[in-house]
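Contents: one structure, followed by commentary.
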Amino acid sequence: MKARMWNPEIEALSREDIEQLQLERLQSTLNRAYYRVSFYRQLFDGHGVVPEEVASFSDLAKLPFTTKEDLRQNYPYGMFAVPLRDIVRLHSSTGTTGTPTVVGYTRNDLKHWSELTARVLVAGGVGKEDILQIAFDYGMFTGALGLHYGAELVGATVVPISGGNPDRQIQIMKDFRTTGLLCTPSYALFLAERMEELGVSPAELSLRVGLFGAEPWSEEVRRQLEERLNISATDNYGLSEVMGPGVSGECEEKAGLHIAEDHFIPEVVDPETGEVLPPGEQGELVLTTIAKEALPLIRYRTGDITRLVYDPCPCGRTHVRMERVSGRTDDMLIIRGVNVFPSQVESVLMAIEGTTPHYQLVVDRSGVLDELEVWVEVGEELFSDEIKKLEALEREVRDALEEALGISVRVRLVEPKTLERTS
Ligand code: DLL
């Protein structure tokens, strides 16, 4: 028997039909981007390509890439392909220098987004009868609201608890008989640990499935989560620029994440040369959106390292699978699901008197959650100063970093010239 799918007609489409659909949608996306977004017109003109020339998948490689930097330079609305009055939602994610990127959605985009997160949820074992605790942060982050609407579309009962407050999460899980947990894998581990401390056994809960994403994790973490929470755990992937969660998700085979190919064309490229790699080779994932109205992205460099698996999946879904993300091409860190670039830390430090631009980021796990410690060199004058002043500076740095990064950090001031210099 074939697995349960949210939209079997699309999810099990033949490869030929998928490619036909992709080419048609690509053509109209390119046209819209070219004629409505001056950034794309200039970019294509600069590369001497016109949308009409792209008639096959191999022609795609003629098109230039889009990067996060492009989004930042066109902050906030410069890359939108529709007038602002047609935008019904904005989300935002952190950028490399503190300038965030803004993403917009039309009514149709939101409809599609719900459809795609519904597919991911159903692939992960969710149904109408489930009670889903969404422990991603609600707000500008795409994680919670993206999955929220998909869950409602499926007909599940949504508990929009948001992140934080582990004891309350556990209490609600018990009281509401939550069957599905949606959060980052590290937060799930943290909850498992807290449950053990509180003496709550998974047998007292009704948990059945966990859908985890927004940060990299391993098979070992999956094994632990499944055992400690007594659930089936699946991975799901997405990025706000391209949509948010819903880009890809695992089915019950747990052997790669099916990419919604009727909405995105994936490519894997050599991160150094940008050359398209043959199917199955590992490299950087590049995504082209083919159904988005507000913010079409052509050949967007995700920075995520993976490979594409075109082998048929026993679940019956025909959409290509991506292997779990194994790393990043840039220096972005993901701390408790939040993206952090070292350059953000740098720009905070530069603005604070008394610190030097020499710093080191130490990411550690004492329990199960990543912790970020920032070591900062202070100026000579200050270091010989009274301890009170140093403490005040430490607080100032910590508050400024927490404000800029949106996560808690520990700050350690160190003596001048003690951090190792890189050449
Ligand atoms: O993290 C969207 C999301 C929310 C996906 C909830 C899944 C669940 P951003 O904050 O823009 O969006 O971060 C995107 O996070 O480029 C990856 O580096 C990383 N990432 C997201 N999902 C996974 C995953 C959301 N399943 C960036 N495995 C991406 C590994 C992931 N990395």
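Each value in this text was obtained by applying a stated rule to the coordinates, not by laboratory testing. Source: prediction; values computed, not measured. Cβ: placed from backbone, ideal geometry, glycine included. Neighbour counts: every protein chain shown.
In table form, for the structure just shown:
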item: Sequence of Thr318, Thr273 once ranked by neighbouring C-beta atoms within 10 Å, starting from the fewest; result: Thr273, Thr318
item: Selected from Arg317, Arg168, Arg89 as most flexible by GNM, with the chain as the system and alpha-carbon contacts under 10 Å; result: Arg168
item: Estimated vicinal HN-Hα couplings, Hz - region 119-124 in sequence order (Karplus 6.51, -1.76, 1.60; Gly, Pro = x); result: 4, 4, 5, 5, 4, x
item: Whichever lysines have a C-alpha closer than 21 Å to that of Lys389, once near sequence neighbours (fewer than 8 apart) are set aside; result: Lys417
item: Amide H contacts of Val411 (H built 1.01 Å from N, under 5 Å, at least 5 apart or other chain); result: Val374
item: Label zone at Glu380, where the point sits 7 Å out along the Cα-to-Cβ direction: region 398-423 residues whose backbone N lies under 18 Å; result: 414-419
item: Per-selection metrics, region 1-326 (Cα): Rg and Dmax in Å; result: 19.8, 65
item: Residue-averaged 222 nm ellipticity for the chain, from DSSP H runs of 4+ at -39500 (n - 2.57), nearest 500; result: -10000 deg cm²/dmol
item: Residue of Ile18, Ile87, Ile352 that the Gaussian network model of the chain assigns the largest fluctuation, springs spanning Cα pairs under 10 Å; result: Ile352
item: In nm, spacing of pseudo-spin labels at Gln20 and Arg421 (7 Å Cα→C-beta vector); result: 6.5
item: Candidates Leu153, Leu390, Leu13, ranked by Gaussian network fluctuation over the chain, Cα under 10 Å, top entry; result: Leu390
item: Distance (nanometres) between label positions extended 7 Å along Cα→Cβ at Asp330 and Asp270; result: 2.2
item: Cα lying deepest toward the dipole's positive end in the chain, options Gly124, Thr418, Leu63, charges on Cβ; result: Gly124
item: FRET efficiency, 1/(1 + (r/R0)^6) with R0 35 Å, evaluated for Glu152 and Ile407 via beta carbons; result: 0.80
item: Considering only region 333-414, percent of DSSP beta bridges that pair antiparallel, nearest 5; result: 65
item: Pairwise FRET efficiency - Glu193 versus Arg4, Cβ, R0 = 45 Å, nearest 0.05; result: 0.90
item: Cα gyration tensor shape for region 333-414, rounded if a/c is under 1.5, else prolate or oblate; result: prolate
item: Over the chain, relative contact order from alpha-carbon pairs under 8 Å, at least 6 apart, %; result: 15
item: Centre separation in Å (Cα based) which lies between region 312-327 and region 365-380; result: 37
item: Cα centroid separation - region 211-240 against region 1-62, whole Å; result: 31
